[in-house]
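A short worksheet on the structure shown next.
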Amino acid sequence: MHGAASSGWPLVALCAATGAYCLLRMRSSVEEQRRAAGGEALMGFAMAAMAVPAAVLAPPRWAWLVCAAAFGAAALRALWAARTCSGHLHHSVGALAMVYMAAVMAAAPAAPAHAGHGGSGEPLVTGALLLYFAGYVLWSGARLVPMAARAGDTGGARAAASGTGTVGWGDRPEVARACRLSMGIAMLAMLLAL
C-alpha cells in the first residue's frame, strides 16, 4: 500500500483492470451475479487507489477514514447478504480487510521521516488476514484447474445443451474466478506491504 513505484503500478493496473471487468459483469442477466460483480468492482477500484505509489498520491488522513467507513458499510451489507448466500462471507472479509488497511494508513504518521514507525498495523490481525487470503488464493487457483481441464466444454456448449443459448463473455464463471483470484493475490501483496 503506497509503497514503491516498481511494485505499485503493476498492482494498480491489475486491480483497475479487474474492477473494469467486474463493471462489465454487472450487465449479466443473473441478478446474483450482478450484485456480486458490483461489490467486486468497488473492491478492485478501491484496491487500485490504495496501491498508487505515495510519491504520486498521498491522501490526507480524512480520506483514509472515509475509505474505512465506506468499506465498513460494504462489510455490513455483505454480512447481511451472507444470510442467503455464503459467497458473500468472502466479500465481507475482503471489505473488513480494506477497513483494517485504511485504518492503519489513517493512523500512520504523516511525516516521511517516521515511515516504519506506527503504521504497520497489528501483527496478529495482519497475519490472520495474510493466512486467510493465502488460503483463498490457493483454493480459488485450484478451482480454475478443473475449468481449464475441460478443453471441449467452453461454457457455450453447456448453455446450448441446456437450452439457454450461448453464454456471454461477461457471464463466464472461469473468468469471474480468475478475477477473484487476481484480487486475492493483490490483497496479499497489499497486506505484505502494510
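The values are calculated or read from the model by the stated rules, or taken from the named source; none is laboratory data. The shown structure was predicted, so the numbers you read here are calculated from the model rather than taken from an experiment. All Cβ positions, glycine included, derive from the backbone under ideal geometry; neighbour counts span all protein chains shown.
Summary of computed values
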{"read-out": "Enumeration of residues in the range 12-38 that are farther than 13 Å from Val175 by Cβ, free of Cβ contacts under 8 Å to residues at least 40 places away in the same chain and aliphatic (A, V, I, L, M)", "value": "Ala13, Ala16, Leu23, Met26"}
{"read-out": "Filter pass, Ala97 being hydrophobic (A, V, I, L, M, F, W, C) and surrounded by fewer than 21 Cβ atoms within 10 Å (Cβ to Cβ)", "value": "no"}
{"read-out": "Inter-residue pairs, beta-carbon under 8 Å, first outside any helix (DSSP H, G or I) and in the range 176-194, second buried (at least 18 other Cβ atoms within 10 Å of the Cβ), 6+ apart", "value": "Leu194/Met1; Leu194/Met101; Leu194/Val104; Leu194/Gly121; Leu194/Thr126"}
{"read-out": "Residue match in the range 25-36 (condition: assigned to a helix (DSSP H, G or I) and under 13 Å from the mean Cα position of the chain (by Cα))", "value": "yes"}
{"read-out": "Considering residues of the range 63-87 that are touching a residue at least 40 places away in the same chain (Cβ under 8 Å) and in a helix (DSSP H, G or I) only, the residue farthest from Val12 (Cα to Cα)", "value": "Ala81"}
{"read-out": "Single residue of Ser120, Ser86 found to be at pLDDT below 90, within 30 Å of Cys22 (Cα to Cα), surrounded by fewer than 18 Cβ atoms within 10 Å (Cβ to Cβ) and out of contact with any Lys or Arg (no Cβ under 9 Å at 6 or more places or on another chain)", "value": "Ser86"}
